[in-house]
Amino acid sequence: MFPNLKLQIFRRCSHQNQLARTVGMDETVLSKIIHGYRNPTADQRKLLARYLEADEDWLFERFDVNSVPLPGRIARPVDEKRTGDDGDV
């Protein structure tokens, strides 16, 4: 998922379909890129970054939903043992 891309589209007061038409890209392709189902080509990255007036690396910084802890929960390493309420393993 590329949340910075979505954010920059919002900041520019543009809609995905308007952006896709303006840069000559299929709307479904752009949607798949934004949501992380498809990786953009080098040309697509440059084109979108230029049009959105944003740094290409920042714009296409990946975000993994599974790496963010839920509110009220502590993020723990995957291999750490979980304890019960009384502190026992």
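The values are calculated or read from the model by the stated rules, or taken from the named source; none is laboratory data. For clarity, every value in this text was computed on a predicted model and none was experimentally measured. Note that each Cβ is placed from the backbone with ideal geometry, even for glycine, and that neighbours are counted across all protein chains shown.
If you go through region 21-65 and pick out every residue that is touching a residue at least 40 places away in the same chain (Cβ under 8 Å) and either of a type in the set (S, T, N, Q) or outside any helix (DSSP H, G or I) (or both), you end up with 7.
Here's the yes/no breakdown for (1) of a type in the set (Ser, Thr, Tyr); (2) touching a strand residue (DSSP E or B) at 6+ places or on another chain (Cβ under 6 Å); (3) at pLDDT 95 or above; (4) surrounded by 10 or more Cβ atoms within 10 Å (Cβ to Cβ):
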| position | (1), (2), (3), (4) |
| --- | --- |
| LYS46 | no, no, yes, yes |
| TYR51 | yes, no, no, yes |
| ALA75 | no, no, no, no |
| ASP79 | no, no, no, no |
| ARG82 | no, no, no, no |
